[in-house]
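The values are calculated or read from the model by the stated rules, or taken from the named source; none is laboratory data. Remember, it's a predicted structure, so these values are computed and weren't measured experimentally. Positions of Cβ are generated from backbone atoms using ideal geometry, with glycine treated the same way; all protein chains shown enter the neighbour counts. These accessible areas exclude ligands, DNA and RNA; they are computed on the full protein's heavy atoms, side chains included. Shrake-Rupley method; radii C 1.70, N 1.55, O 1.52, S 1.80 Å.
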Amino acid sequence: MQQKVLVIEDSPTSMKVLCHLVTKAGLEPIAASTLSQAKQIFASSYPEEYLCALVDYNLPDAEDGQAIDYAIQAFIPTVVITGRLDERTRDRVLSKDVVDYIPKENAQVYDYLSRLLQRLEKNKQIGVLVVDDSRLTRSMVTALLRRHNFVTYEAEDGLEGLTVLRQHSNIKLVITDENMPNMSGVEMVAELRNTFSKEDVAVIGVSGKGSSALSARFIKSGANDYISKPYCHEEFFCRVTQNIEHIENVAAIRKAANTDYLTNLPNRRHFFTRVNANLKMAPQWVCFAIIDIDNFKVVNDTYGHEAGDHALKITAKILSRHFKYHYVSRFGGEEFCVYLSAMDDDSATELLEKAREEVAQTEMRYDGKSFKFTISIGASAEFDGNAEATLRIADKNLYKAKQSGRNQLVFE
């Protein structure tokens, strides 16, 4: 279900801009120009329906931030929008349990708000580990993080932090104090870098004893960033967001490098990287299957190349569904490859045949036209440690399947 964003703003111009940003983020704006109107709207809904509220500081019936308090008390994550730039207003806003404070200064702040809306949705899947021997500090930091919808974990020293990190694969950021019993923050960072790279898990070092020497020790030991206590609310979230986005940008680059642009399957290079990693565990049974769309040129010539691309995408989806516990790749053109392990010949045959049958039975629809096509499969489980040799046998079996009339599996 599409989540809603409650927008409380009395300026028609600002309301139009804010609603546009909310819609652009794939969310549904619910507009109210006064606090009274917002209360009426919210009376017939539930807090869970709302990702957040965008609240103007000054409204006709709430001139001094009362709408902010209402949204917070209604358990809606609250982002404050205001034209007031004075320190008193800023301090008053940040003293409340708000997600963020955005002054109406220039066009860039609206760009920031757009990214913030997207972040609040993404953060629901991202884990952040807070490591500190002070329970009060951990509670304060995790409370801040939960305002931004992060999944939070806690540890009271470096040793426990490493254990928690290894137990939860969704942790993308570690925020650690330096002075802790058993294992300090710097020691924990150095140890975790033996397993997790800077591109996989970001680390922010924290200490109340701020010094250039300590920040340098954290960075040299493998931390991505450092922040001194006491830190302001805004700086904290800017650092957190910056490090999370760095992790996401690296992941996006890796995916682009490893993924076939059309089918979203792993490309040939990444396929072999994953296969070779699996082969290091020495599985007792290994099978490679090469899959080729029959008469693909006829599909392109008859229905157009875009229809051919559509056929490739549909085939990829079918293969991904049937082989979700195995490795599937687009090798190039109309050819795909599947790597199976920890099975037997009969189970593999059944799995491959079901995929072949579903492709043959699926009616493809594109641009008002309907058509069907089939696939041929050559498979081999003759494996002596050389994947290329097994693939050559599978390729020969694919040729036999084509020569024998297509739309069949040859597994010898």
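Values computed for the structure shown
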read-out: For the stretch 189-226 versus the stretch 24-62, the gap between their alpha-carbon centres in whole angstrom; value: 40
read-out: Protection-proxy order for peptides 345-351, 293-299, each taking the mean of Cβ atoms within 10 Å per residue, highest first; value: 293-299, 345-351
read-out: Three-way shape label, the stretch 296-347, alpha-carbon gyration tensor, a/c 1.5; value: prolate
read-out: CYS52 long-range amide H proximity, modeled H, under 5 Å; value: LEU6
read-out: Positive-pole candidate from THR89, ILE171, VAL141, dipole of the chain, charges at beta carbon; value: ILE171
read-out: Whole-number accessible area per residue in Å² for the stretch 293-412, which is evaluated in the context of all protein chains at 1.4 Å; value: 51
read-out: Over the chain: Rg over Rh, Cα atoms, Kirkwood Rh; value: 1.09
read-out: Translational diffusion of the stretch 170-219, µm² s⁻¹ [Kirkwood Rh, Cα pairs; Stokes-Einstein; 20 °C; 1.002 mPa s]; value: 190
read-out: Prolate/oblate/rounded label for the stretch 246-298 (Cα gyration tensor, a/c 1.5); value: oblate
read-out: On Cα atoms only, tilt of 135-147 relative to the major axis of the chain in degrees; value: 70
read-out: Whole-Hz couplings from phi, Karplus 6.51/-1.76/1.60, listed for the stretch 212-228; x for Gly and Pro; value: 5, 5, 5, 4, 5, 4, 4, 4, 5, 7, x, 6, 7, 7, 8, 9, 8
read-out: Solvent exposure of the stretch 1-137 as accessible area per residue, Å², 1.4 Å probe; value: 48
read-out: Accessible carbon and sulfur surface of the chain relative to its total accessible area, %, 1.4 Å; value: 49
read-out: Reciprocal mean inverse distance between Cα atoms of the stretch 185-322 - Kirkwood radius, Å; value: 19.5
read-out: Computed accessible area, MET140, all protein chains, 1.4 angstrom probe, square angstrom; value: 110
read-out: Sequence of PHE371, PHE383 when ordered by accessible area, the most exposed leading, probe 1.4 angstrom; value: PHE383, PHE371
read-out: Size of charge dipole - the chain - debye, nearest 20, with Cβ of Lys, Arg +1 and Asp, Glu -1, no other charges; value: 600
read-out: Pair-distance profile P(r), taking every C-alpha pair of the stretch 208-260, with 10 angstrom steps and integer %; value: 21, 37, 27, 12, 3
read-out: In degrees, nearest ten, helix 305-322 long axis to first principal axis of the chain (Cα); value: 80
read-out: Principal-axis tilt of helix 268-279 within the chain, Cα atoms, nearest 10 degrees; value: 90
read-out: Share of pairwise Cα separations in the stretch 251-354, more than 20 Å, in percent; value: 43
read-out: TYR231/GLU382 FRET efficiency (R0 51 Å; Cβ-Cβ; nearest 0.05); value: 0.25
